[in-house]
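What follows is one structure encoded as structure tokens, with my remarks underneath.
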Amino acid sequence: MSVCINSLGVKATAGHLCTASGIKLIRNPQIVQLAKNAGFDCLFIDLEHSTLSIDEASQLCCAGLLGGITPFVRVPYQCGNGFVQKVLDGGAMGIIFPHVHSAGRILEHARMAVNTSKYPPVGSRSMTGQLPFFSLKTTPTGQVIDESNSIASSVILMIETKHAIDKVNEIAAVEGSDVLLVGSNDLAIDLGVPSGFQSPIFRSALEKISLACRQHGKIMGLAGIYDNYQIQNWAINTLGVRFMLCQQDSGIIASGAVECLQKLPSVEKSLGV
């Protein structure tokens, strides 16, 4: 049997929120244990906006598998099928595909994401042995195909442009994909409202994504909006967001450092010499 459940599927099916801890800075696998201790459900290992290597991502994924926290990896834009396969073979239980928005080819890119991530007959992923998801044990091919396709190859498509919003219903209809994930910062910029998460145009875009997800049975996700309870509450309890990137390791360190200094007592009087 495999070594880790897919928290995304389990949580979303039960109507709960699946929380993700982002990793883009720290290479030491002990960061995975800290995320687990904090109560996160999964990892969002970022190879798009970081200098992490595939090998380092694999080490983080394997730590996640052993620690019972589901590892997902965001790959670089247009990285190629071979790159995606290496990440999956390295232990990722799902791939986050950024920038699904190319004019005229948007549905082709969405379908290719599924095709690359899944074994036949669903996709065209190539078979290999001793996969981390199966504890590096020799496993019957049929079991590898069935469990990998159903549990260990989530397809998360990022919605980050106005063009993607215009085609969101078609994107949500792509079979084999699991999540439409809002890339909040890039989407707001493309809509002409940088950081304008409360603006009518941004909120309307999220409502369209929510409707498409409900109509096609997909999970709605949100990334890039941190420490904003008002928006997060609206997204979760009104739009039905069930997958959320809560913060990146760099942001947690930065905010923790500021908080540490702010809590220090001030010097009330001179100590003299």
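Where Lys and Arg each count +1 and Asp and Glu each count -1, what net charge lies around Ser210 among other residues with Cβ under 13 Å from its Cβ? Net local charge, Ser210 excluded: +4. Net length available on complete extension from Thr138 to Arg214 is 23.4 nm, with 0.36 nm assigned per residue and the Cα-Cα distance removed. Against the empirical 2.2 N^0.38 Å (N residues), segment 167-273 has a Cα radius of gyration ratio of 1.50. Counting Cα-Cα pairs of segment 96-154 in 10 Å increments starting at 0 gives whole-percent bin shares of 21, 46, 22, 10, 1.
Can you grab the distance from the C-alpha centre of segment 217-273 to the C-alpha centre of segment 86-139, Å, no decimals? For segment 217-273 versus segment 86-139, the Cα centre distance is 32 Å.
Out of every Cα pair in segment 7-252, what percent are spaced more than 31 Å from each other? Percent of Cα pairs beyond 31 Å in segment 7-252: 17. From its DSSP helices (H runs of at least four residues, each -39,500 (n - 2.57)), the chain gives a residue-normalised ellipticity at 222 nm of -12000 deg cm²/dmol.
What the Cβ-Cβ distance of Gln262 and Thr238 gives, at R0 = 45 Å and to the nearest 0.05, is a FRET efficiency of 0.85. Entry note, the chain: relative contact order of 18 percent, from Cα contacts under 8 Å with a spacing of 6+ residues.
Sorted ascending by nearby beta carbons within 10 Å, beginning with the fewest, Tyr77, Tyr119, Tyr229 become Tyr229, Tyr77, Tyr119. Counting lysine pairs in segment 127-242 whose alpha carbons fall under 29 angstrom apart, excluding pairs fewer than 8 residues apart on the same chain, gives 5. By other beta-carbon atoms within 10 Å, ranking Leu34, Leu25 with the fewest at the front produces Leu34, Leu25.
Here the relative contact order of segment 1-127, from alpha carbon pairs under 8 Å that lie six or more residues apart, stands at 20 percent. With a cut-off of 9 Å between beta carbons, the residues surrounding Met220 carry a summed charge of +3, where Lys and Arg count +1 and Asp and Glu -1. The label-point distance for Gln30 and Glu207, in a model that sets each label 7 Å from Cα toward Cβ, rounds to 4.9 nm. Of the residues Glu147, Glu268, the one with the fewest other Cβ atoms within 10 Å heads the list, and the complete ranking is Glu268, Glu147. When every Cα-Cα distance of segment 34-168 is counted in 5 angstrom steps from zero, the calculated P(r) takes the values 2, 10, 21, 22, 20, 14, 8, 3, 1, 0 percent.
Listed by chain and number, the lysines placed with their C-alpha closer than 25 angstrom to that of Lys24 are Lys11, Lys36, Lys86; residues fewer than eight positions away on the same chain are left out.
Since every read-out is calculated from the coordinates, none of them should be taken as a lab result. Bear in mind the structure is a predicted one, so any value in this text is a computation, not a measurement. Cβ sites come from the backbone with ideal geometry, for glycine too, and all protein chains shown count toward neighbours.
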